[in-house]
Amino acid sequence: MSDKQPAEPLFSGLTEGGLRNYLDTLRGEAIGGVLLIVGAVVALIWANSPWSESYVAIRDFRFGIEAWHLDLTVGQWAADGLLAIFFFVVGVELKREIVTGELRRLSTAIVPVAAAVGGMAAPALIYLAINLSADGGSPHGWAIPTATDIAFAVAVLSIVGRRLPTALRAFLLTLAVVDDLLAIVIIAVAYTDGLTLAWLAAAAACVLVFALLLRRGITSWYLLIPLGVATWVFMHSSGIHATIAGVALGMVVPALPLKGKASTRRPANLREGASMAEVFEYRWRPFSAGFAVPVFALFTAGVAVDPTSLGEALRDPVAQGVALGLVIGKPIGITVATWLISRLRHVNLAPGLGWADVIGVGVLAGIGFTVSLLVAELAFGVGAPEDEHAKIAVLSASLVAAVLGAILLLWRGRVHEARGEPSAT
């Protein structure tokens, strides 16, 4: 007689740590998503106004230390510098999920991980199928439609998903976190311009010192911030995209309370016994979501959307692959991967849930904003025709995914409410 416990139905509930991580993310990213949208709208209006030349002049204005290869444009500082803060928060979020959240156990991690992989593979395959078969295709941009934007998705989810079960809503966020991790790996591997091992070793040494200081309970800003900046500079010089420095630093922040060590001062709004990772995420998420990402959007989303540009984008296989990858590939990949896991594990969805709920989450995951725009620049270079067309496709497809996903999840929420099922807080 087997002692093996039957697998729980998909989306039946959350672990205590997973629920806490979910609520923290929901509180922090919803406003950030709104500011992200505002930044993108301002960029589009500015870039298509009579003052468009000033937008380009500011975006392309260079400053920095040339001897250190840091003579960057304002747009590059936003993409390489400010987004490093965004990726630091992502790294801390990943650490919490791996140590205390839904990624801690195989039983709870397998579904969002598989869904994230499926949700990245399907858009990439659609993009490659179009660009390998069409004249003038550019296969190098295959990673553009693979990413889900957490802030944008959470902003939509917070408006239309209040009646959905908590576990289903958290599934989207956990999936997006794993999605970010895979996108980070892609950026580090596929879009690296050469590799200088000495600089990479220097960056790794800084990360090690950063980790040792935190393990000893030392969190003085005058030590950690210079170490973080040095890590970023060395990573930038190594040839790997500088934002990876943020991820590396975030991943070494302790996600469990330090026993017998003095820890960083806990903000009044955090619970007793909060880990250093929770404290760091609490302090840095507002700056990431409220400033770094919106400013990045401001200097990245400003593309021409006149009839000529739109016509060229519609005919470009790059834009076609990006748009179809996000709007169609994401929901197909996520739904199929989740269905396969349910069949392999011989489990069904939790009572009351239907596959229409999963499809709605998959459609909403087609919002590929921040990382997709970044990958477009890495793949083609700022201002290249393919970059401009890819950005038009990302913006258009994200809007379509947001609207369709909102409609589906709003409908499913009303279905759950009519059945009297418990929803998220």
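Just to be sure I understand, how many residues within the stretch 274-294 are free of Cβ contacts under 8 Å to residues at least 40 places away in the same chain and either open to solvent by 10 Å² or more (accessible area, probe 1.4 Å) or of a type in the set (D, E) (or both)?
Summing the residues that are free of Cβ contacts under 8 Å to residues at least 40 places away in the same chain and either open to solvent by 10 Å² or more (accessible area, probe 1.4 Å) or of a type in the set (D, E) (or both) in the stretch 274-294 gives 2.
Could you check the stretch 97-106 and list, in sequence order, the residues that are over 18 Å from the mean Cα position of the chain (by Cα) and open to solvent by 60 Å² or more (accessible area, probe 1.4 Å)?
R104, R105, L106
Restricted to the stretch 320-362, and to residues that are touching a strand residue (DSSP E or B) at 6+ places or on another chain (Cβ under 8 Å) and open to solvent by 70 Å² or more (accessible area, probe 1.4 Å), which residue is farthest from L395 (Cα to Cα)?
My answer is N348.
Which of the residues belonging to the stretch 131-176 are modelled with pLDDT of 85 or more and of a type in the set (S, T, N, Q)?
Passing the criteria: N131, S133, S138, T146, T148.
Please list, ordered by first then second residue, the pairs with beta carbon atoms under 6 Å, 6 or more apart or interchain, first in the stretch 189-218 and surrounded by 13 or more Cβ atoms within 10 Å (Cβ to Cβ), second aromatic (F, W, Y).
W199/F234; A202/F234; A203/F234
Could you please let me know if R345 is touching a residue at least 12 places away in the same chain (Cβ under 8 Å) and within 23 Å of V113 (Cα to Cα)?
For R345, the condition - touching a residue at least 12 places away in the same chain (Cβ under 8 Å) and within 23 Å of V113 (Cα to Cα) - is met.
Among the residues of the stretch 310-319, write down those that are crowded, with 17+ Cβ neighbours inside 10 Å and not acidic (D, E).
A313, P317, V318, A319
Give the number of residues within the stretch 222-256 that are assigned to a helix (DSSP H, G or I) and either polar (S, T, N, Q) or more than 20 Å from T196 (Cα to Cα) (or both).
Looking only at that region, the number is 11.
Is one or more of the residues making up the stretch 79-102 free of Cβ contacts under 8 Å to residues at least 12 places away in the same chain and in a helix (DSSP H, G or I)?
For the stretch 79-102, residues free of Cβ contacts under 8 Å to residues at least 12 places away in the same chain and in a helix (DSSP H, G or I): absent.
Can you pull out the residues in the stretch 210-244 that are hydrophobic (A, V, I, L, M, F, W, C) and under 29 Å from K259 (Cβ atoms)?
If the condition is that a residue be hydrophobic (A, V, I, L, M, F, W, C) and under 29 Å from K259 (Cβ atoms), then F210, A211, L212, L213, L214, I218, W221, L223, L224, I225, L227 are the ones that fit.
Residue-by-condition table, conditions (1) modelled with pLDDT of 85 or more; (2) over 16 Å from A297 (Cα atoms):
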position: F11; (1), (2): no, yes
position: V34; (1), (2): no, no
position: V38; (1), (2): yes, no
position: V56; (1), (2): yes, no
position: V89; (1), (2): yes, yes
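Anything in the stretch 121-171 that is assigned to a helix (DSSP H, G or I) and surrounded by fewer than 18 Cβ atoms within 10 Å (Cβ to Cβ)? List them, or say none. Give the derivation first.
Our first condition is that a residue be assigned to a helix (DSSP H, G or I); within the stretch 121-171, this holds for 121-133, 139-141, 144-146, 150-160, 166-171.
Correct list: A121, L125, L128, A129, L132, S133, P139, H140, I159.
Quick check on V371: is it part of a helix (DSSP H, G or I) and open to solvent by less than 30 Å² (accessible area, probe 1.4 Å)?
yes
When L399 is evaluated against the numbered criteria (1) open to solvent by less than 60 Å² (accessible area, probe 1.4 Å); (2) at pLDDT 90 or above, which criterion, by number, is the only one it fails?
The one condition L399 does not meet is (1).
The values are calculated or read from the model by the stated rules, or taken from the named source; none is laboratory data. Computed from a prediction, not measured in an experiment: that's the story for all the values here. Here Cβ is always computed from backbone atoms with ideal geometry, including for glycine, and neighbour counts include all displayed protein chains. Areas reflect the complete protein model, heavy atoms only, side chains present, ligands, DNA and RNA absent. Shrake-Rupley method; radii C 1.70, N 1.55, O 1.52, S 1.80 Å.
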